Amino acid sequence: MKRRRGAAAAVLALGACLGTAAPARAGYLEDAGWGTLTVITNVVYMPAKITYAVLGGLTGGVAYALTGGDFKTAETVWVTSMGGTYVVTPRMLQGEDPIAFAGSPGGDTDTTQSPTADGGTPQGLREQGLGGS
């Protein structure tokens, strides 16, 4: 008899605890989902981007040799293939930041820069040509 009372009290206590438990906040689950999607995306995206950059580096070297040392041609190939985004972030998947698989050889329309919270561009993230300009 004493055991039944203890068991009944335990079941009631457990039911009360579960009944008053606060549900997980939606932001946590949403963040976990975006994080998981980001990891899965990067498992595919990063090897493809690195392969593209390596092949572009080799192609730029061949272009440099075949054009008789024309650095501008090789630089165009190198900047296009080696520039751009190497890691996808959750903000990129949500459409808040751009994803640039290839760089822009002109340098004027650099899509790899993402604005900071105050609207400016982060220091040190400006794409430069190989000639030092």
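The values are calculated or read from the model by the stated rules, or taken from the named source; none is laboratory data. Values in this document were obtained by computation on a predicted structure and should not be read as measured data. Just the protein is used for accessible areas: all its heavy atoms, side chains included, with ligands, DNA and RNA removed. Shrake-Rupley method; radii C 1.70, N 1.55, O 1.52, S 1.80 Å.
Assorted remarks:
- Residues Asp70, Asp31, sorted by accessible area with the largest first, give Asp31, Asp70 [1.4 Å probe; ligands and nucleic acids excluded].
- Accessible surface, the range 52-100, averaged per residue in Å² (probe 1.4 Å): 55
- Under 5 Å between amide hydrogens, built in the peptide plane, is the criterion, and for Gly83 it picks out Gly103 among residues at least 5 positions away or on other chains.
- Global form of the range 67-107, assessed from the alpha-carbon gyration tensor, a/c cut-off 1.5: prolate
- Within the assembled protein chains, the solvent-accessible surface assigned to Met82 is about 90 Å², based on a 1.4 Å probe.
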